[in-house]
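Undergrad: Structure provided below as structure tokens; questions to follow.
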Amino acid sequence: MSRQNSFTNKVVLVTGGTSGIGKATALAFAEAGAKVVITGRREKEGAEVAAEVAKNGGTAAFERADVSKDADVVKAIDFVLPPMVVSMWRSTMPASKS
């Protein structure tokens, strides 16, 4: 199967997608037809990657997130998943110690 359109109707979350391997991963998934959600700490670079995906005909969004922070991870998951799935996911999480 070709990479082109092999991820059509799929949503992919790429952490660290603002540069390097993460950026390359985001661009490759977009090329394969995925809708890409890019996360990272640097908003300017994230917006640039999302714009590059769009320029190439893909669909992408950037959500600022630092994956070392639980609240940012939850925010990114909330952005990607439908509310019912998020509710089910949260019910499996251990109680926060903060």
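Undergrad: Checking the cross-link filter: which lysines have an alpha carbon closer than 17 Å to that of Lys69, excluding same-chain neighbours under 8 positions apart?
TA: By straight Cα distance, Lys69 reaches Lys97.
Undergrad: What is the extension gain from Asn56 to Ser91, computed as 0.36 nm multiplied by their sequence separation minus the C-alpha to C-alpha distance, in nm to one decimal? Intermediate values should be presented prior to the final figure.
TA: On the way: separation 35, 0.36 × 35 = 12.60 nm, distance 3.84 nm.
Result for the pair: 8.8 nm of gain on full extension.
Undergrad: If you don't mind, there's one more thing I want to ask. Could you give the length gained by full extension between Ser19 and Arg64, i.e. 0.36 nm per residue of separation minus their alpha carbon distance, to one decimal place?
TA: Residue separation times 0.36 nm, minus the Cα-Cα distance, leaves 14.8 nm.
Undergrad: By the gyration tensor of its Cα atoms, with a ≥ b ≥ c the square roots of the eigenvalues, what is the shape of the range 11-84: rounded for a/c under 1.5, prolate for a/b over b/c, or oblate?
TA: Oblate, because a/c is 1.5 or more while a/b does not exceed b/c.
Undergrad: Between Leu81 and Lys10, what length comes free when the chain is fully extended (0.36 nm per residue of separation minus the Cα-Cα distance, one decimal in nm)?
TA: In short, 24.4 nm is gained.
Undergrad: Could you list Lys75, Lys69 so that the one with the fewest beta carbons within 10 Å of its beta carbon is first and the one with the most is last?
TA: With the sparsest Cβ surroundings first, the list reads Lys69, Lys75.
Undergrad: Could you work out how far apart the two model spin labels at Val73 and Ala47 are, taking each label as a point 7 Å from the Cα in the direction of the beta carbon, and quote it in nm?
TA: Result for the modelled spin labels: 2.8 nm.
None of the figures in this text is laboratory data; all of them are computed from the coordinates on show. Bear in mind that the values here come from a model prediction, so they are computed numbers and not experimental data. Every residue, glycine among them, receives a Cβ derived from its backbone with ideal geometry; neighbour counts consider all protein chains shown.
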